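The values are calculated or read from the model by the stated rules, or taken from the named source; none is laboratory data. Every value quoted in this text rests on a predicted model; they were computed, and no experiment measured them. Cβ atoms come from the backbone with ideal geometry, glycine included; neighbour counts cover every protein chain shown.
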Amino acid sequence: MTAMYKLFENSPTIEGKGVCKSFGEHQVLHDIDFCVYTSEVVCLIGPSGSGKSTLLRCINFLENYTGGRIYVNGRLMGYAEAPDGTLEPLKEREVLEMRKDIGMVFQHFNLWPHLTALRNITEALIMVKRMDRVRARDIGMAMLDKVGLADKFDAYPARLSGGQQQRVAIARALAMEPRIMLFDEPTSALDPELVDEVLQVMKSLAREGMTMLVVTHEMGFAAEVADRVFFLDEGRLVEQGPSRQILSNPDSFRIRKFLGSWSRRVSASAC
Ligand code: ADP
Ligand code: MG
């Protein structure tokens, strides 16, 4: 469905205006303008160290951006803006409230090793959402079913493959009913034969209309599922556009070089 460029006329779910981020003297994001629209799937690609994780972490305010503005569902993320334009950091409680709309899935699944698959999901529902155990269990089972793992509800992470652990991590994020899902290289730590089962879950989420921003090196996934692709290089958003255009007919030399080195790496690893 997403191979064709959809027309998004709704207001952006995530909007960045002139986003900058510095760690001390080191500026890693430079003046980034972008939008992700409701139900849109955007893949964020770029070389290692280009700032992809930092941008994702600024969106849910795991990192405080140091310039510009990020709006999530129309609300300024992480700050309150005074009439004179200065930004005051929100209280932690307010940030947590805003973050409820955003699910995040990391390269390393970060499951609790001492909890079963089901309890990894229900724990946050009970502790953060103050849900009663029966309802949390129902939701947990429904989410495990959604990622095809209902039969593994009582398995501990050590008994699950990497692909299954990542699917539990996705189920855990979905249980919180986010309106946006951020993925940071969700398949990079997986053995190649386990990548597809995770991508399939992500594809079905995209089909259901979830708004998704996905850092990935899976160019096949980007070509098939993404509506648009953003290319980040040295902290700058150097190109963005419909996935077909960016991946098969990019404007800039830098992205052509990047895509060329990836296809060489993929064909070498396939030998
Ligand atoms: P990518 O995800 O594209 O590989 P990152 O966002 O992880 O890139 O990193 C971008 C740059 O920011 C790198 O130069 C990295 O060293 C730097 N960086 C990331 N996190 C921190 C941090 N917590 N403190 C200092 N520098 C950081
Ligand atoms: Mg990264």
Handout entry: Test set (1) more than 16 Å from ligand 1 (Cβ to nearest atom); (2) modelled with pLDDT of 95 or more; (3) surrounded by 19 or more Cβ atoms within 10 Å (Cβ to Cβ) - I45 fails condition number
Key = (1)
Handout entry: All strands (runs of 3 or more DSSP E) inside region 60-107 with 2 or more residues being farther than 21 Å from V214 by Cα
Key = 67-72, 79-81, 87-89
Problem - Tabulated pairs, region 121-150, first small (G, A, S), second part of a helix (DSSP H, G or I), C-beta under 6 angstrom, 6+ apart or interchain - result: A136/T122; A136/L125; A136/I126; G140/L118; G140/I121; G140/T122; A150/L144
Practice task
Might you let me know whether region 174-183 holds any residue that is in contact (Cβ under 8 Å) with a residue 60 or more places away in the chain, surrounded by 20 or more Cβ atoms within 10 Å (Cβ to Cβ) and within 16 Å of ligand 2 (Cβ to nearest atom)?
Solution key: yes
Problem - Neighbours by Cβ (under 8 Å, 6+ apart or cross-chain): first from region 26-41, over 16 Å from L232 (Cα atoms); second within 16 Å of ligand 2 (Cβ to nearest atom) and in a strand (DSSP E or B) - result: V41/V214
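Considering each residue of region 184-201, count those that are touching a helix residue (DSSP H, G or I) at 6+ places or on another chain (Cβ under 7 Å), surrounded by 17 or more Cβ atoms within 10 Å (Cβ to Cβ) and of a type outside the set (S, T, N, Q), and give that number. Break it down into steps so the answer makes sense when it comes.
Within region 184-201, the first condition is being touching a helix residue (DSSP H, G or I) at 6+ places or on another chain (Cβ under 7 Å), and the residues that meet it are 184, 186-187, 189-191, 194, 197-199, 201.
Subset that is surrounded by 17 or more Cβ atoms within 10 Å (Cβ to Cβ): 184, 186-187, 190, 194, 197-199, 201.
Now restrict to residues that are of a type outside the set (S, T, N, Q): 184, 186, 190, 194, 197-199, 201.
The total comes to 8.
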Handout entry: Residues satisfying the stated conditions in region 78-126, i.e. surrounded by fewer than 15 Cβ atoms within 10 Å (Cβ to Cβ), over 22 Å from the mean Cα position of the chain (by Cα) and among the polar types (S, T, N, Q)
Key = T86
Exercise for the section: Scan region 216-249 for residues that are surrounded by 19 or more Cβ atoms within 10 Å (Cβ to Cβ) and either within 26 Å of G163 (Cα to Cα) or in contact with a Cys (Cβ under 8 Å, 6 or more places away or on another chain) (or both) and report the count. Expected result: 11
Practice task
Evaluate the following for L213: is it touching a residue at least 60 places away in the same chain (Cβ under 8 Å), hydrophobic (A, V, I, L, M, F, W, C) and more than 21 Å from Q164 (Cβ to Cβ)?
Solution key: yes
Practice task
Using the structure shown, decide if L111 is away from ligand 2 (no atom under 16 Å from the Cβ), touching a residue at least 60 places away in the same chain (Cβ under 8 Å) and either more than 13 Å from I170 (Cβ to Cβ) or in a loop (DSSP other than H, G, I, E, B) (or both).
Solution key: yes
